Amino acid sequence: ADIAVEAAKQQGRNTWQWYEGDERRNISEHALLRHDLYTALCENQFELYYQPIVDAVSGRIRSVEALVRWHHPRHGLVSPGIFIPIAEQTGQIIPLGRWVLRQACQNLADLHAKGERVFPVAVNISSLQFRRDGFLDELRRILDETGLPSELLELEMTESILLGGAKQAIEMIRTLRGMNITVAIDDFGTGFSSLSYLRDLPIHKIKLDRAFIRDMLTNHSNAAIVQGIIAMAHHMGLVVVAEGVEEHEQQQDLIRRGCDLLQGFHFAKPMPLESLRALPDLLPVDPA
Ligand code: C2E
Ligand code: MG
Ligand code: MG
Ligand code: MG
């Protein structure tokens, strides 16, 4: 209910005035989407898709990542790559992020309660959401209300959580660790990456950005970066996930380089919860 209230409050501050008259025709798609975002939560236009993350060698599903989808009434499916940055600019990321966290926990807790197969679920947390006062309380409340065991929750955040003060971020991650919640650094290697921060962050995992995986088979520098990051992470006791694995050859190369977990279209695309429930334990499924 507080989501609806918050969204309605936000809406009140941003009136149609902006779009009146001739301006209307020139208004960018960006601004229109920004407007539509204010009602999207109340109107239930968001859905969580889930993408499996598998053991590199066996292909066994180890966890899933929740990825939000917006079913826009006129544009159809809008990519989070487009609307998450807008939601971050407008502050809508706060109620949206809260909805995502609650929905992911609820979905998995429901499966758990029904005795179905469950996986730890990784939820993307915007650094604005993470750094906002009350995030940890909100998280505890969601775990409590949905009944999801905290060991089944992972949080994915980018290095930008450090920008508002590294000390506080480190302290919060320590608290999360104490709650048995797994923490992963997302899109690793693309941020401002002073590597010394890795030493101080009590995280469990790093996710190698898709950009490195995309051409590691043809670009020796990228292959060297991947190799180096895996070695460094393992020395620090961290688990390494590669994002964007699309081909068997990439899987083989990443196995050779010791990568622990893989995620990508080669195994499965993000999918609705119902489809996830129907997946076999091992991916990819060999064509018979
Ligand atoms: P991300 O967290 O790095 O998520 C991985 C993205 O890579 C997803 O895009 C996924 O669909 C895509 N992907 C996975 N495997 C492959 C592959 O083999 N090939 C290619 N080309 N792409 C692959 P998606 O779902 O469009 O999400 C984009 C970004 O939007 C996410 O990147 C994340 O930063 C953000 N995002 C998505 N959902 C949420 C959310 O609930 N909250 C927040 N704060 N951000 C979210
Ligand atoms: Mg992610
Ligand atoms: Mg990522
Ligand atoms: Mg990414």
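The values are calculated or read from the model by the stated rules, or taken from the named source; none is laboratory data. These numbers come from a predicted model, not from an experiment. As a convention, Cβ positions derive from the backbone with ideal geometry for all residues, glycine included, and neighbour counts pool all protein chains shown. Remember, those area values only see protein heavy atoms, side chains included, never the ligands or the DNA or RNA. Shrake-Rupley method; radii C 1.70, N 1.55, O 1.52, S 1.80 Å.
Computed over protein heavy atoms with a 1.4 angstrom probe, the accessible surface ordering of 28, 126, largest first, is 28, 126.
Relative to the longest principal axis of the Cα atoms of the chain, the long axis of helix 220-235 makes an angle of roughly 80 degrees. When 247, 138 are compared by accessible area of protein heavy atoms, the largest-first order is 247, 138, using a 1.4 Å probe. Roughly what % antiparallel, to the nearest 5, for the DSSP beta bridges in the chain? So the antiparallel bridges in the chain amount to around 45 percent.
Between the beta carbons of residue 145 and residue 278, assuming R0 = 25 Å, the FRET efficiency works out to 0.35 to the nearest 0.05.
Give the angle, between 0 and 90 degrees and rounded to the nearest 10, that separates the Cα long axis of helix 93-113 from the longest principal axis of the Cα atoms of the chain. Helix 93-113 and the main axis of the chain meet at about 60 degrees.
The alpha carbon gyration tensor of the stretch 100-234 gives principal lengths a ≥ b ≥ c with a/c of 1.5 or higher and a/b no greater than b/c, which makes the shape oblate. Each DSSP beta bridge with both residues in the stretch 53-160 is either parallel or antiparallel, and the antiparallel ones are about 40%.
Label the stretch 146-218 by shape, choosing from rounded, prolate and oblate, from the square roots a ≥ b ≥ c of the eigenvalues of the Cα gyration tensor; if a/c is under 1.5 it is rounded, and otherwise prolate applies when a/b is larger than b/c, oblate when it is not. Here the stretch 146-218 falls in the oblate category.
GNM remark for the chain: springs join alpha carbons under 10 Å apart, and the peak mean-square fluctuation among 85, 52, 95 falls on 85.
The stretch 143-166 and the stretch 71-127 have Cα centres separated by 13 Å. Measuring from a point 7 Å past the Cα of residue 39 along Cα-to-C-beta, which residues in the stretch 61-83 have an amide N at less than 12 Å? Answer for this model: 73-74. Roughly to the nearest percent, how much of the accessible area of the chain is carbon and sulfur, given a 1.4 Å probe? Using a 1.4 Å probe with all protein chains present, the chain comes out at 50 percent carbon and sulfur. Per residue, the solvent-accessible area of the stretch 178-288 (1.4 Å probe, heavy atoms of protein chains only, all protein chains present) comes to 49 Å². Of the residues 100, 212, 280, the one whose Cα sits farthest towards the positive end of the charge dipole of the chain is 100 (charges of +1 on Lys and Arg Cβ, -1 on Asp and Glu Cβ, taken about the Cα centre). Counting every pair of alpha carbons in the stretch 41-175, the share spaced more than 26 Å apart comes to 27 percent. Computed over the chain with a Gaussian network model linking Cα atoms closer than 10 Å, the most mobile of 156, 116, 29 is 29. In degrees between 0 and 90, to the nearest 10, how far off the longest principal axis of the chain does helix 2-13 point, with axes built from Cα atoms? It works out to around 60 degrees. Solvent-accessible area of residue 249, all protein chains in place: 100 Å² (probe radius 1.4 Å, heavy atoms, ligands and nucleic acids excluded). In the elastic network of the chain, a GNM with C-alpha springs shorter than 10 Å, the most mobile of 51, 263, 129 is 129. Computed about its Cα centre, the charge dipole of the chain is approximately 340 debye, with only Lys, Arg, Asp and Glu carrying charge at their Cβ.
Along its first, second and third principal axes, ordered by size, the chain spans 60, 44, 42 Å in Cα coordinates. For residue 247 and residue 28, a Förster radius of 35 Å and the Cβ-Cβ distance give a FRET efficiency of 0.45, rounded to the nearest 0.05.
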